[in-house]
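Worksheet for the structure shown next.
The values are calculated or read from the model by the stated rules, or taken from the named source; none is laboratory data. Because the structure is a prediction, the values reported are computed rather than measured. Neighbour counts are summed over all protein chains in view; Cβ atoms, including those assigned to glycine, are modelled from backbone coordinates with ideal geometry.
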Amino acid sequence: MADIKTNDFYCDFVFSNKVQVKKVKETVNVLAFYHTNPSWTIHIVIVPKKHVASLMYLEDFDLIKEIFRIAKEIIQELKLDEANFKIITNGGSFQDSKHLHFHLVSGEKIK
């Protein structure tokens, strides 16, 4: 599959510093930050820095391991495993930004 890049909030705004975000964790390959328009009491986005259009375009499975390692660290640090949490990714027409990303959410839905 060829990689696509259209409507990419992360490459176009976050990684270009056009939008400032409150970082939770960062590695060479992954950035986790508080969602700029949260739908949950705790709403963190975990995104690879390398452009991957969606889960269907993923070829580097070590990247997924790193994303989930970061997610687990955040869950433990915020003690979400003692409360509640979900990890969500969207694809197809459900995916607004065409860059693979995961939502780590906890608490109550606010929208």
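Residue count for the stretch 87-111 under the criterion of being assigned to a strand (DSSP E or B) and either among the hydrophobic types (A, V, I, L, M, F, W, C) or loosely packed, with under 11 Cβ neighbours inside 10 Å (or both): the result is 7.
Taking the stretch 46-68 as the range and being in contact (Cβ under 8 Å) with a residue 40 or more places away in the chain and either surrounded by 13 or more Cβ atoms within 10 Å (Cβ to Cβ) or over 15 Å from Thr89 (Cα atoms) (or both) as the test, the residues that pass are Ile46, Val47, Pro48, His51, Val52, Ala53, Ser54, Leu55, Tyr57, Leu58. Residue pairs whose Cβ atoms lie under 6 Å apart, sitting 6 or more positions apart in sequence or on different chains, and linking a residue in the stretch 9-24 that is closer than 22 Å to Ile74 by Cα to a partner that is at pLDDT 95 or above and among the small types (Gly, Ala, Ser), are Val24/Ala32. Can you pull out the residues in the stretch 69-111 that are of a type in the set (A, V, I, L, M, F, W, C) and without any contact (Cβ under 8 Å) to a residue 12 or more places away in the chain? Correct list: Phe94 only.
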